[in-house]
Every structure is written in C-alpha cells, then in structure tokens.
C-alpha cells in the first residue's frame, strides 16, 4: 500500500509540475494578420506605428509581428509551413524567395500588380524584376542594396594611387601596390553571389540566359579565377574574402589596413561605426568597373497558405506607400526601390550626410547591370556547388581549370535534377 | 504412471502442509511483478519524453528518407534515390563524413586531458576547487559566443594566437588558421575541446567521487603502489563515467553545430563541414528535407555503431550487459 | 618529494587554467571597451574601460522579462531532470526483462541531432498544445540521457548491502531511492543540476522555433534580437554574453560545494 | 533543516543579496530618473555663450542619433532639458553666429538619468 501511495504521489507531483499551456492558437473571430520580418527588430517603434495606422484604416484587424534573424528565419518559416500555419506576410532576403516560390510556398503577386498598375509603377522595374520566377512576380521590394567598391584613401595615397580602376587588372594591381606588412589590398564579401561582379566584369556569366546550361567554364572564366587565386596567394587579396561572411570582412576593412572592399551599401554603416579612421575625407566610394553589381535585397511575399491574402496585399500596398517607405528609409538610412521615395530621401540626405548619400546613390544607378541574381528555384544548391570550387581555387587547393570543369559538371547535374 | 497418482494424492491430501511454499512462490511472483511495475513507473516519464521528442522524429526521418517531400508538396515514394545520390554523387557528404569521424576520433584526447585534470583536482591538492571551477567555466558559455571569440583568436592578422606566435618569433608569416584547408578542422576541434573539456571533467569527477574510499584504503594496506591503485581500482570503477564521456564525444560531432556554424560555416570549401551542418544546410538552406532525412538516418546509423564500439572499448559493461 | 611533485602539479594546473582563461579575458575586455577586435596589433589591456555596454544591453532587449522566462524554464527543467533522471537511473540499476532494449533505446535516442528533429518536434508540441508555453519550452529538456547514466553510475557505486539493509528494514523502493540512494549520490545530483541548468539556460534553436510571443522568449533569444542592433564585434555583444553567463557560473559555484561534501563524506582521505 | 540553517545557507543568502541589491538599485533609479539634462555652453575663449542653440539627440537602436528636442541658453550660457527618456544622448550646439560646436555623446547609467554637465560645451571651437 505504502508503495502504491508513493507512486501515486509521484504521479500527482508530475502532473502538478506540468503547467498548462498559456494560450492556444485557435482561430478567432477577428481577422488576424501575421508578419514575419528578417532581422529588423530595431524598427519596432516604426512598425508599431504602422500597425496602428493600418488598424485604424482596417478596423478589427489583429496584427502579429514576428522577427527572426537571418540564419534562423528559414528554419522558422519552414517549420510553420509544415505545421500549416505560415505567417501571412514574410520578408525574404536575396534569392531564397525564388526558392520558396519554386516550392509552392508563396502567392503569385502578378495578378494584383496587373490590376493595380499604380502599385507596380512605384518600384524600380529592375529591382522588381529580381523576383520574377517563371514569369511570375512573387515578391515586391522592401529595401534594396547592391554591391559597390569602398576604398581607403590614405592607404591609396601612401601607395601613390590616384583611384580609378577600369578593370579587374587595375583592381588587382592597386591591391598589390597597397598590400604589404599587415596590409592587404582588396577584400570582397562573398555570400549570395556577391563576388560575382569580379567575373562578370571580365565577361564571364554563370548560366545561359535560359538558365539551362553553365557558361562559366571558359578561358576567360579560368583566367579570372586564376588571377584571383594568384592575388590571394601573394597577399594582395585578403583571405577573409573567401572565408568570411559579414562581420570578419567588414571588421577587417574597418580596422583600417585593407585598401578596398567590395560590398553592398549596408556595409558602409557597419564599417562607419567600427572604424575610427572613417571620415568623409578618408573613405572612397566608387562603382565597380563596368558598373556591374550584385543585388542583396529584401522583398515582401505573401504565403500561399495565408488566411487573409487580400488583407496581406492591402498591408503590402500600405507599407510600400510613399509616406511609410520614406519613414523606413529615414529610420534605417537605405534605399527602398520606391523610385520617388529614393529620390526624395537622397536629396534630403545630401544635406545631412553627403557621404551616406553618395553611398546610397550608387544603389539606384546602373540597375540595368545587375548580376548574380539568377531566377532559379535551386539557386542555393548551384551557389554552394560553385562557391565550394571557387574556394578551392582561390585558396590554392585546386587549379582553376580542373576545379571549374568539376563545378560545371556538378552544376549541370543539379540543373538536370530539378 | 506409477508415481503420478501418489504424488497427486499427496498434494491433494496434504494441501495445508504444502501451502506455505506455494504462497512463497506466489509472493515472489507478486514481488517481481510489483518490481517490474515500479521499474516501469520509474522509466515512464523519461521514456515518454524521449518517445515524443526523439523516437517519433527519428521515425519521421526514416520515412522521409525514402520519399520526395517538402513542406508543401505531397510525398512521393522515392525508393533509395536519396541514398543513391548521397553515396554516389554527393562529394560533400563524403567530406562531411570524414570530418565527422575525425571530430569524434579527436575526443579521446580531450577525455584523457580531462581525466588528468580530474585526477589532479580530486586529490588533496590545495586550491583544487579553484582549478576545477576555472576549467569548467568554459562549458556554460553560449556556443555562439565561443565561436565568435575563437574566430577572432584564430584571425590571420589581428588574432591573438598569431600575435603571440609572431611576437615570440616562432613563426614569421601569420597562419590563416580558419582560411586554410589543413588548419581549419584542427582549429575548430581545438576550440571545441576547449569548450567541452570541463564537461568531461565534471562527469569524471562525479565518477571518481562515487568510488568508495575503503577500496583504496584496503589497497594501501596491501601495499599496492599508486599506479596499481589507479589501474586496478580507479580505472575499472570509472568505466561507466568513461563510457558517458565517450558517448559525449560522439554526440559532440553534432552538438558542436553552433561552433562550426559561427567559426567557419563549414568552409573553406567544406573543409570543416560536419554531417550535422550538411543536414542543416540541405534541410533549411536548400529546402531538401527528404535528402536531409536520408543524411540523418545515415549519421544515426554511424553513431549507433560508434557507440556500440565505444561500449566495447571501455569494457562492455556500461549499461547494457551486466548480471547481478 | 611530495612537496616537489605538488609544486609541479600546481604549475601544470596553473598553465592549463591560464590557457582556459584567455578567451574569457577577451570576452571581459571587449565587454568593457568598444574596441574593434580585428585591429592590429591587438591591445592586451583595455583602453578606457567602462560599463556602459551593460546599460545598452539592458535597454536594447527586454532583459528582465527574458531573464525571468529563462529562470522559470530552467527551474522546470532542473526539477524534471532530478526527479525523472534519478528514477530512470535507479530503475536501470535493477534487473528486469527488456532492460537491454531500454538501455539501447536510451542510448540511440541521444544520437539524433536536434537540427534534424525541429519540424517533427514542433508538430508534436503543437499536437500537445504546448506551443508558446513554459512547459513547451522545457518539455524536450525534462530528461536527459547523459544525466540518467550519471545517476546510474553513481547508484551502482553505492554498496548493495545498504539497499539490502534498507529492504530488510521494510522500506519501499521509492523510499530507498529518496532516503538512501539520493543522499549518497550528491555528486550526481550536483552534476544534474549544473548540466540541466546550463542546457536549458543556453537552449537557443528550440525556444526560437516554439515561441511566438516576445513575452515568452528566453535570454539566448535576446542574442538574436541583439545581433540585429549591433554586430558581433562590438562591446555590447560581449557585455550581453557576460550577463547571460553569470547565472550559470553562480549556479555552478553554489552547487559545486556538493562535490566537496561528497568528497569528505566518503571517509577520511590521506 | 532548521530555519537558521536555511537562512544561512548559500542557496538563500546569494539570491537574497541579489534581490536586495536589485531593490536598492531600483530605488536609487526611481529617485534620479527625471530626465533632466543641464549644463553650460561657453565660447572658445571661455565666456558663457548666450543664445546658443543646444540640440538633444536620442540614440535610436541602429546607432543613429535622432533629434528629440532643442533649447536656447540663457544669459549665463546655461541650458536645461527636462524630458530626456534615453540612456544615450548626443548634445550639439549651434552658436548665435550659426557655427556648430563639437558634439558631445553622453552615456548614462540608466534611462532618463539626471545629469549636470561638469565640463561646459564649447561652441565655435578654437580650430577655426
């Protein structure tokens, strides 16, 4: 008896230890809109304000806002998809949006854009076209950026360079001139194809326009890869270019011993807070030779499983409207691809912070020269294949010829798979 | 035929006399069932949790590995396609497999180190508590932060390790630890050892302190030297703890996920890719959960085999087979 | 002789400790400065140290709320671990049919990486209705296999004669476990407290997936929120790390005394 | 276990000290969080700058400073803000002649901490 009572006691204790769940997510009478954003929790005050305004225009709407950081957002979104509770609106960076579109997770926004040409007309057409997959538009721009070249004027001066690189060879020879002791000449970000302009300016493209066949394994491609590998070996190019992601390259450039950095505009604001050497007089801003650049933008999408797609669309229209987009541009100092907003904001910024304005101006010019934005549903698989071989070449493990031939074979196989 | 009736008669006739032994057997049986019940009750909560959060997901992975599936597409039977792709076409898989094995095989170094520390700390050394605290201190750190710090320590230009090596004149040119194919994996392993050595130590300490002191006293009275006491008493009594450490070493090949992710992201060119990072990239990076599931199943099988071997290596008694 | 060997051992231990502490020093140093950690040459001593990074951390994330959530989840996890693991560990010291299978099951349960179980684990929690709750946060952590084996190892080292004596005295199994075995397995309890506390305290991916409300988030999620404001080379991040780490260290410092008690209770040492 | 043993055990003492410190700190904060920021503006030669504009910026979370409010100094060159809610602010000065002074960043121990600048702000720094 004693024992049985003990067991009972234990069981009761276990039950008591189990708190009941706080809240069950049941469907309620009010219309609910859930929004998942990518790492912009710092804009909380502005978002709260938007929500309040939107709610006053659409009474009875309840808004749930979720924000996750880059590496975790895909895991969270996929989990929600699997559970059948995807957030209505999701903010996606780069090519991932197309991948999810290919999986059937996102709603085709083309009919809405066709019905409301005024909304379509808000955006820079090239940035909008970034997220066209199989002829359908799945995302609209939220905030956009593309790569450019920053350089360290004092280091250039010390090396006797009057900056104006016209080609990759110029970049590499300048890099060599700057490098030495603890200095390196050139640094690039590499994630999301951000290194691709280096190839594109040499006339090398990844795929044929129909995206069916790889085109990078050419003499020009091999030569370019070879040059970059040699420059890395002799210390002109900082090795972090091929191994770092965001913090290391930017941190290294901010530390003041790297001549040039190829990165997108947001790098400027990070570098500025980190590097005490950076003033309007010391930091140089330039386009890459040939004006090639890789976009790294954020777009809004609506989940196909959204409970209230019309409401979600209404919110997207609201959030990309001039007044809201302007607030956002101001709050974060960035370009939105809303052409009117960007123009006005840059005019305003010219007065307050001319350097930042110069950086951002590059983001809305030469948008016809975007590269590295292939509309593939398996972009990340292709990216990983090519990147691994590129790392092999740049860091001197394999020679360019065999590595690119290998990469070509694997990319062909991957393109066949889907 | 002859003996049967009397026996039966005997039983029937002297029912009272034989009753106690029967009742005793019954009592034993009841006690056994009661004990079995108790064991079952004791195991139940843990088993429930593992069933829900480990076994069910494992089953999910096994099923998925034979299908084509993503969260929004209806599953289609894929046969062995995922496995065929893995073994025949996926170079990254083989690299990750090799790296995972190297990662696991490096754990005995850390365990030996931890054992040495645990023995030193468990002795009458003054200040042992301080040493113990310091050595354990790295374990509670968040792995993400550990990764960030070690990434800096290994940095080619501003990093502390290169700074010291160059300052003392040991090397002329800085070593790009995380940027080179040869150094990257050992560097990550070292950072990992730094973090888990305190964990091994605490497990071994728990084991050491559970050894009854009278065993040592008896041995000392018998005049056994320290080395013999270590080999005859400490080591055999530590077997369960050593086994736990071995299992932790095996587990470490995926609990080090954050560390690898932050320090190298699996690079350069998959030089530090582990199976677990590959699984994660495939699943959440490339939205190929079916393929990731196949990878999970292969990793699981591999680890089961390794655990079995580890059990053998430390004497085969650690948990599964023993008789009282 | 003995003295010299002691000095040698102290030297070795001091060296090991120094090596262990370098990254710590760097975390602490960066936390009180705003130096760029990629600057060369690295500055060994902090220049103009200050504590304002800690102030920033406090205001950049709802620190108090996250802290309270973390404490609650960790307390549930620690309590669950002690009770469930001790029970399971004790059961495993017994002989019963199917024990081998149970042990194999336990062992194999460990060998699946969490990253591969995110989706099914979420679906299970959704079915149980524990999404976005403290219980849901703690549930997968309520029992850990390593700790079960720690208990098992500790119980096995306790002389069987003690149990026998207790049984002859007519004590039930539950009482034997709680009155006889557990008090003698204090190191194992301490280990359980320390480890389960650390694991639940640092859990990152699971809370991230299972919580939706900001009000339910735990401290490590503050890290993600935090990195959105400041990048990870800044002093504030390291200040945050210090603030997250501190409770873990305090728990360890408080519980580790049990080791010493375990040590001294085991008869006199030479 | 006796009450005394519980009260003196570290499992009680450590949390108790932590809670006591917390309460004391919060009392202190409550008594000193009026958001008053006051100080003095002087010219390069050290004379009080009358009629100088002082602008208070609050740091928003992305390390940008946003203008919150502004005021003008009195005859003694003194100024006072009453509604700072932030824990990190920047003070800019514009002299009566329209020239900008060196901005100063103030990091406070808690939001809305009352501060009185010991070193005066200097408008139209001597470099011009």
Among the listed residues A:400, A:381, A:407, which satisfies the condition of being within 21 Å of residue A:225 (Cα to Cα), within 22 Å of the chain's Cα centre (by Cα), within 14 Å of chain B (Cβ to nearest Cβ) and in contact (Cβ under 8 Å) with a residue 12 or more places away in the chain? A:381
Just a yes or no: is a residue in the range A:277-284 within 24 Å of residue A:200 (Cα to Cα) and either surrounded by 23 or more Cβ atoms within 10 Å (Cβ to Cβ) or in the same structural domain as residue A:157 (by TED's automatic domain parsing) (or both)? yes
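What strands (runs of 3 or more DSSP E) lie completely within the range D:9-128 and have 1 or more residues being within 14 Å of chain A (Cβ to nearest Cβ) and under 13 Å from the mean Cα position of the chain (by Cα)? Explain how you work it out, then say what you get.
Values: elements: D:37-42, D:53-59, D:65-72, D:78-81, D:88-94, D:104-107.
Fully inside the range D:9-128 and qualifying: D:53-59, D:88-94, D:104-107.
Quick check: anything in the range C:213-227 in contact with a helix residue (DSSP H, G or I) (Cβ under 9 Å, 6 or more places away or on another chain), surrounded by 19 or more Cβ atoms within 10 Å (Cβ to Cβ) and more than 13 Å from chain A (Cβ to nearest Cβ)?
Within the range C:213-227 (the criterion being in contact with a helix residue (DSSP H, G or I) (Cβ under 9 Å, 6 or more places away or on another chain), surrounded by 19 or more Cβ atoms within 10 Å (Cβ to Cβ) and more than 13 Å from chain A (Cβ to nearest Cβ)), the answer is yes, since at least one residue qualifies.
Got a sec? Which of C:126, C:86 is more than 30 Å from residue A:79 (Cα to Cα) and either assigned to a helix (DSSP H, G or I) or more than 19 Å from the chain's Cα centre (by Cα) (or both)?
Values: C:126 fails: more than 30 Å from residue A:79 (Cα to Cα).
Unique residue meeting the criteria: C:86.
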Before we move on, is residue A:99 at the interface with another protein chain (Cβ under 9 Å from one of its Cβ atoms) and part of a strand (DSSP E or B)? no
In the range C:118-135, what count of residues is obtained for those that are more than 7 Å from every other protein chain (Cβ to nearest Cβ) and in contact with a helix residue (DSSP H, G or I) (Cβ under 6 Å, 6 or more places away or on another chain)? 1
Just one of (1) on the phi > 0 side of the Ramachandran plot; (2) surrounded by 16 or more Cβ atoms within 10 Å (Cβ to Cβ) trips up residue B:54, so point out which. (1)
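Among the residues of the range C:170-201, which ones are farther than 30 Å from residue B:142 by Cβ and either part of a helix (DSSP H, G or I) or modelled with pLDDT of 85 or more (or both)?
Of the residues in the range C:170-201, the ones farther than 30 Å from residue B:142 by Cβ are C:170-184.
Listed by number, the residues that qualify are C:173, C:174, C:175, C:176, C:177, C:178, C:179, C:180, C:181, C:182, C:183, C:184.
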Among the numbered criteria (1) in contact (Cβ under 8 Å) with a residue 24 or more places away in the chain; (2) not assigned by TED's automatic domain parsing to the domain that holds residue B:280, which one does residue B:85 miss? (2)
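Of the residues A:311, A:316, A:346, A:334, only one is modelled with pLDDT of 90 or more, over 16 Å from the mean Cα position of the chain (by Cα) and under 16 Å from residue A:40 (Cβ atoms); which?
On the way: A:311 fails: under 16 Å from residue A:40 (Cβ atoms); A:346 fails: under 16 Å from residue A:40 (Cβ atoms); A:334 fails: over 16 Å from the mean Cα position of the chain (by Cα).
Every option except A:316 fails the conditions.
What about residue C:137, is it assigned to a helix (DSSP H, G or I) and either more than 24 Å from residue B:283 (Cα to Cα) or touching a strand residue (DSSP E or B) at 6+ places or on another chain (Cβ under 6 Å) (or both)?
Working: assigned to a helix (DSSP H, G or I): yes; either more than 24 Å from residue B:283 (Cα to Cα) or touching a strand residue (DSSP E or B) at 6+ places or on another chain (Cβ under 6 Å) (or both): no.
No, not satisfied.
Considering only the range C:175-191, state which residues are closer than 17 Å to residue C:148 by Cα and either in contact with a helix residue (DSSP H, G or I) (Cβ under 8 Å, 6 or more places away or on another chain) or within 14 Å of chain A (Cβ to nearest Cβ) (or both).
Here is the first cut: in the range C:175-191, the residues closer than 17 Å to residue C:148 by Cα are C:177-178, C:181-191.
Matches in the range C:175-191: C:177, C:178, C:181, C:182, C:184, C:185, C:186, C:187, C:188, C:189, C:190, C:191.
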Hey, residue A:53 surrounded by fewer than 20 Cβ atoms within 10 Å (Cβ to Cβ) and modelled with pLDDT of 85 or more or not: yes
Among the numbered conditions (1) modelled with pLDDT of 85 or more; (2) over 28 Å from the mean Cα position of the chain (by Cα); (3) within 11 Å of another protein chain (Cβ to nearest Cβ), tell me where residue C:79 comes up short. (2)
Taking the range B:1-53 and keeping only residues that are at pLDDT below 75 and either under 23 Å from residue C:147 (Cβ atoms) or assigned to a loop (DSSP other than H, G, I, E, B) (or both), one is left with B:1, B:2, B:3, B:14
Checking residue A:104 against (1) within 16 Å of residue A:139 (Cα to Cα); (2) touching a strand residue (DSSP E or B) at 6+ places or on another chain (Cβ under 9 Å); (3) buried (at least 16 other Cβ atoms within 10 Å of the Cβ), which test does it fail? (3)
Any residue in the range C:33-56 that's under 19 Å from residue A:258 (Cβ atoms) and more than 9 Å from chain A (Cβ to nearest Cβ): show its pairings with residues that are part of a helix (DSSP H, G or I) and modelled with pLDDT under 80 at Cβ separation under 8 Å, as long as the two are six or more apart or on different chains. C:35/C:235
Run residue B:74 past the list (1) outside the structural domain of residue B:247 (by TED's automatic domain parsing); (2) assigned to a helix (DSSP H, G or I) and report the number of the one that doesn't hold. (2)
Quick check on residue A:104: is it out of contact with any helix residue (DSSP H, G or I) (no Cβ under 9 Å at 6 or more places or on another chain) and in contact (Cβ under 8 Å) with a residue 24 or more places away in the chain? yes
Which residues, taken from the range D:1-43, are within 23 Å of residue D:100 (Cα to Cα) and surrounded by fewer than 16 Cβ atoms within 10 Å (Cβ to Cβ)? D:38
Total residues in the range A:338-361, condition without any contact (Cβ under 8 Å) to a residue 60 or more places away in the chain, surrounded by fewer than 20 Cβ atoms within 10 Å (Cβ to Cβ) and in a helix (DSSP H, G or I): 10
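Going by the structure shown, is residue C:116 under 22 Å from residue B:253 (Cβ atoms) and free of Cβ contacts under 8 Å to residues at least 12 places away in the same chain? Break it down into steps so the answer makes sense when it comes.
Working: under 22 Å from residue B:253 (Cβ atoms): yes; free of Cβ contacts under 8 Å to residues at least 12 places away in the same chain: yes.
Answer is yes for this residue.
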Evaluate the range B:241-262: report whether one residue or more is without any contact (Cβ under 8 Å) to a residue 40 or more places away in the chain, buried (at least 24 other Cβ atoms within 10 Å of the Cβ) and either within 12 Å of chain C (Cβ to nearest Cβ) or in contact with a strand residue (DSSP E or B) (Cβ under 8 Å, 6 or more places away or on another chain) (or both). yes
Can you pull out every residue in the range C:99-117 that is more than 13 Å from residue C:148 (Cβ to Cβ), within 23 Å of the chain's Cα centre (by Cα) and at the interface with chain B (Cβ under 7 Å from one of its Cβ atoms)? C:108, C:111, C:112, C:113, C:115, C:116, C:117
Which of the residues that make up the range D:61-83 are surrounded by 15 or more Cβ atoms within 10 Å (Cβ to Cβ) and at pLDDT below 85? D:61, D:62, D:63, D:64, D:65, D:68
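The values are calculated or read from the model by the stated rules, or taken from the named source; none is laboratory data. Owing to the predicted nature of the structure, the values given are computational and were not obtained by experimental measurement. Cβ coordinates were reconstructed from backbone atoms using ideal geometry, including for glycine residues, and neighbour counts include every protein chain displayed.
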